[in-house]
Amino acid sequence: MNETIIKELEVLNQIRNNMYQREQEMATTRTKVIGEMQNRYSSLLIEMFQNVSWIYQPTAVNLTGAFLACEDQTLVKQIKIIQEKIGLNYGVLSPSISFSLYWRTGNPEMFARITSPDANLLGKFAKEHNLKVDFTSKVEELKRELSVFGVFL
Amino acid sequence: MNKQEAIANELEVLNQIKASIMDRQQQTTATHSKVHQEILNRFKELMFDILPSYSWIFIDGHTKNYCYLACEDQRFVEQIRQMLHKFNVPESFMVDNNISFQGRCVNSIADNNVRGVRLFATDPKALIAFAEEYKLDVDYSNKTKHLKEELKLFGAYL
């Protein structure tokens, strides 16, 4: 067998192994940095959320999920700028509470939306971070549910 | 500077770090790919040196859409297996535009159960030209047998 080629192959193989290792290390660092960015992004969002008003909305009647909506276009604009800068468009505010900008059907303006599959957790989150929330729709929802049992408020 | 500005600044710095890591990742991946290709080229070179030392059998595919040269010499099979493993080369790869190498085949020759290697092609002319170029020791009797079968269809008996 050609010994020169074998030697070259051994060296190239070693280089490739080192590169593979470096790629793995870089991928790990990148994941850590993105995780850190997610944390900072969430903190920034929560800070920004405190200056605007939110409306509570159940996801659908009789479902346990709910979301808080904010139509404030100044907030939406600021978040859009941040998202474009850092390349993150989805915020994880806690394990079961997420944030994103959404469009309403037929409305060209976006709105800010904090969503949770658990309405109680969302309420706790709003209280913990002193968010200004209008729970009118929650009361309406409760009225609708109670009317099923013959109670009319 | 308020809290929001401070966090926004941190985010910008982190974003720059992320961009720089991605840039380095892309460069490393490109170099990795080049090194891998270089390994494959060297491996082929090494393999071409060894191919003429062993005997090959020309096999026509049953569907006639493919053909291959098979080698069942277990010294070669084992040597190739070790080299593929040592240099982390895939078991199958393209030798050139028309021919692929298959480094681990059971039933390397139809109707037997022996592990072997194949040089595989869809165009018999390309495969024969390759065998001639690298001066391979090829047994074409199977092809002759096949040709005889085909000629029988036209009433010619050899």
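Read-outs throughout are calculated quantities, based only on the coordinates presented, and are distinct from any laboratory measurement. A quick note: this is a predicted structure, and the numbers were derived from the prediction, not measured. Backbone-built Cβ (ideal geometry, glycine too); neighbour counts: all protein chains shown.
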Residues within the range A:23-61 that are more than 7 Å from chain B (Cβ to nearest Cβ) and in contact with a Lys or Arg (Cβ under 6 Å, 6 or more places away or on another chain), tallied = 2
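Could you run through the range B:35-84 and say how many residues are of a type in the set (A, V, I, L, M) and away from chain A (no Cβ under 11 Å)?
Qualifying residue count for the region: 8.
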Go through A:VAL133, A:VAL92, A:VAL139 for me and flag whichever is over 15 Å from A:GLN57 (Cβ atoms) and β-branched (Val, Ile, Thr).
-> A:VAL92
